[in-house]
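One structure below.
The values are calculated or read from the model by the stated rules, or taken from the named source; none is laboratory data. Just so it is clear, the structure is predicted and the values come from calculations on it, not from any experiment. As a convention, Cβ positions derive from the backbone with ideal geometry for all residues, glycine included, and neighbour counts pool all protein chains shown.
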Amino acid sequence: MESKQFVAEGSFRVDVFLSEKSGLTRSAVKKLADEGRVFLDGRPVKAGEMMKAGQTVLAEIPDPIPIAAKPEDIPIEILYEDDDLAVVNKAQGMTVHAGAGNYEGTLVNALLYRLKNLSGINGELRPGIVHRIDKDTSGLLVVAKNDSAHLSLSAQIQNKTCRREYLALLEGVVKEPMGRIVTQIGRDPKDRLKMAVLPAGQGRYAETEYFVEERFAKNTLVRFALKTGRTHQIRVHAKYLGHPVVGDRLYGYKNQRFTLEGQLLHAYKLELTHPTTGERMTFTAPLPDYFTRILEIVQRD
């Protein structure tokens, strides 16, 4: 068990103060307080109680319980498999791997049930996972079945020899036929749940190429090629262009025209070099039905 103790320099709510000082979320502080693990000057205290300057707050944090992903019989579409890798067409709405409070129903749980071996480089919660796509983005992922393949595939992504292309339906009409977006991307300082384009010297370098595939009256079908792999990169760069992805409630329009479960963004093409044979391999996945249905509607606008 770990104990964290801090002395207040002013008046604060216990949960606000402890969260800021310790790095714990306020919900985590509340859970500890509800369990009797938060103390103010030695006595158990509620998360919402006020503390004054000079008072000491202490939190007892239990040691984390090791968690490993478990196999689950969840249908997934495996387009290709051999002894080194598998290529999966992930459905919209499926999380790639477990995270805080979400240890079931992920692609990893399905992979553990379907495949005999997965690489262990990313630990017991993310076996085989070389790269990710968002929960509400559909499309292609390559999965490593051993550590050697994992290292090779990771290096290809790092060296930009693994090509990943996406199709997205954007709001509005994109004027330029093609372009290259280069920015810095990091956490949005105003909303920590979002990523944002940041000023020079902040965040991480992010590069995306785009190509207009078809223009409609109110929308544009665009092909994106990732040069880097930052969190929410295409969605953030589409917003930066002034043409957010249709259905994207985090970065897109507040009032959406269509009722969708997520953004119209699909990882449709994946090119890589096989880790063992050296063969250049290309995989494609057709647009899902809900995507083509919206395309048919916008074509009639």
Practice prompt. Looking only at the stretch 153-162, decide whether some residue is of a type in the set (A, V, I, L, M), part of a strand (DSSP E or B) and under 17 Å from the mean Cα position of the chain (by Cα).
Written response: no
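So which strands (runs of 3 or more DSSP E) stay within the stretch 183-301 end to end and still have 1 or more residues that are surrounded by fewer than 16 Cβ atoms within 10 Å (Cβ to Cβ) and aromatic (Phe, Trp, Tyr)?
Strands (runs of 3 or more DSSP E) meeting the threshold: 204-215.
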Item to complete: Check whether at least one residue in the stretch 145-168 is over 26 Å from Tyr240 (Cα atoms), of a type in the set (A, V, I, L, M, F, W, C) and in contact with a Leu (Cβ under 7 Å, 6 or more places away or on another chain), and report yes or no.
Response: yes
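Would you confirm, using the coordinates I've provided, whether Gly93 is out of contact with any helix residue (DSSP H, G or I) (no Cβ under 8 Å at 6 or more places or on another chain), under 16 Å from Gly139 (Cβ atoms) and at pLDDT 90 or above?
Against the criterion (out of contact with any helix residue (DSSP H, G or I) (no Cβ under 8 Å at 6 or more places or on another chain), under 16 Å from Gly139 (Cβ atoms) and at pLDDT 90 or above), Gly93 qualifies.
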Fill in: Scan of the stretch 137-152 for residues that are part of a loop (DSSP other than H, G, I, E, B) and touching a His at 6+ places or on another chain (Cβ under 6 Å), ordered by number
none
Discussion item. Please determine whether any residue of the stretch 250-260 is within 16 Å of the chain's Cα centre (by Cα), outside the structural domain of Thr95 (by TED's automatic domain parsing) and in contact (Cβ under 8 Å) with a residue 24 or more places away in the chain.
Written reply: yes
Worksheet item: With Ala86, Ala33, Ala110 as the choices, which residue is outside the structural domain of Asp134 (by TED's automatic domain parsing) and either crowded, with 16+ Cβ neighbours inside 10 Å or not in a strand (DSSP E or B) (or both)?
Response: Ala33
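Select, from Ala69, Ala47, Ala53, the only residue that is in contact with an Asp or Glu (Cβ under 9 Å, 6 or more places away or on another chain), outside any helix (DSSP H, G or I), under 30 Å from Asn117 (Cα atoms) and in contact (Cβ under 8 Å) with a residue 12 or more places away in the chain.
The unique qualifying residue is Ala69.
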